[in-house]
Amino acid sequence: GYDSTELASWYRERLGTVYVEDYPVLFWLQRLLPEVRRVFDFGGHVGLHFFAWRKLLEWPPRLRWTVSEVPAVVEAGRALAKERDATQLDFTSRPDDADSADVFLASGSLQYLEPGFLPGLLERLKQRPRHVLLSKLPVHPERDYVTLQDTHLTFHPYTIVSRPRLLASLDALGYRLIDEWRSHEHDCRVMLQPALDVPAYTGALFSAG
């Protein structure tokens with residue numbers, strides 16, 4: 001898993017860097033920010049998105065940015081936020097703290113959770129986020145399956161969701177698809193199973209109502 005001091009130091013070189021696949025998310029965040037008081041960044045490491053994207057977007061003074069991560073990363077993130085005087089940034093290890101957030105953001109994180117994690121989490125919240133903003137998500141056109149990812153340091157179960165299941169699960173909770181895009185910066189190749197390959201990852205915005 002990612003709950004280790006060694007892995008908590010990963011990606012520090014990415015602080016302040018904006019990537020090609022970030023721009024669709026930035027496009028929608030820019031439009032949502034005037035009505036947003038709280039962003040829940042699920043799997044946002046030590047605040048990578050918060051630090052990088054504020055170069056291009058002006059965070060409203062009232063904005064709270066909450067990162068949900070494993071305990072080792074939360075500890076490292078809090079230290080970094082204190083070091084950089086990032087008073088709008090906080091951390092939690094409880095996914096259920098997404099309750100009452102305006103935007104639920106998940107970029108490259110949901111594939112490390114069990115199948116059905118996202119709709120299950122949203123369903124049990126008392127006050128669901130108005131917007132669900134997804135990025136860098138491996139979505140297969142037809143199949144749901146779990147494979148294994150080799151990060152060279154550890155192995156992780158890796159969940160691939162089918163597009164029909166993703167849409168249906170969020171539609172059942174009252175979310176409608178506003179926009180969808182593909183990023184060829186990332187892909188998933190399953191050894192000896194080319195029919196399961198995901199040549200480009202998906203991003204999407206869902207909104208309630």
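So which residues in the stretch 32-68 are in contact (Cβ under 8 Å) with a residue 60 or more places away in the chain and either at positive phi or in a loop (DSSP other than H, G, I, E, B) (or both)?
Val36, Arg37, Gly43, Gly44
Scanning for something at pLDDT below 95, hydroxyl-bearing (Ser, Thr, Tyr) and open to solvent by less than 80 Å² (accessible area, probe 1.4 Å), does the stretch 115-136 turn up at least one residue?
The answer is no; no qualifying residue exists.
Looking only at the stretch 181-209, count how many residues are in a strand (DSSP E or B), of a type outside the set (Gly, Ala, Ser) and over 21 Å from Leu113 (Cβ atoms).
Residues meeting the conditions: 2.
Are any of the residues in the stretch 158-174 charged (D, E, K, R), open to solvent by less than 30 Å² (accessible area, probe 1.4 Å) and within 19 Å of the chain's Cα centre (by Cα)?
No.
In the list Ala106, Ala86, Ala76, Ala101, which residue meets the criterion of being assigned to a helix (DSSP H, G or I) and either of a type outside the set (Asp, Glu) or crowded, with 16+ Cβ neighbours inside 10 Å (or both)?
Ala76 is the lone residue from the list that is assigned to a helix (DSSP H, G or I) and either of a type outside the set (Asp, Glu) or crowded, with 16+ Cβ neighbours inside 10 Å (or both).
Would you mind telling me which numbered condition in (1) closer than 19 Å to Val39 by Cβ; (2) open to solvent by 30 Å² or more (accessible area, probe 1.4 Å) Arg143 fails?
Among (1) closer than 19 Å to Val39 by Cβ; (2) open to solvent by 30 Å² or more (accessible area, probe 1.4 Å), Arg143 violates only (1).
Can you tell me which residue within the stretch 148-188, out of those that are acidic (Asp, Glu) and touching a Pro at 6+ places or on another chain (Cβ under 8 Å), is modelled with the highest pLDDT?
Checking each candidate, the answer is Asp179.
The values are calculated or read from the model by the stated rules, or taken from the named source; none is laboratory data. Being a predicted model, the structure only gives us computed values, none of them experimental. Here the Cβ is made from the backbone with ideal geometry for all residues, glycine too, and neighbour counts use every protein chain on show. Side chains are part of the model used for accessible areas, which takes the heavy atoms of the whole protein and leaves out ligands, DNA and RNA. Shrake-Rupley method; radii C 1.70, N 1.55, O 1.52, S 1.80 Å.
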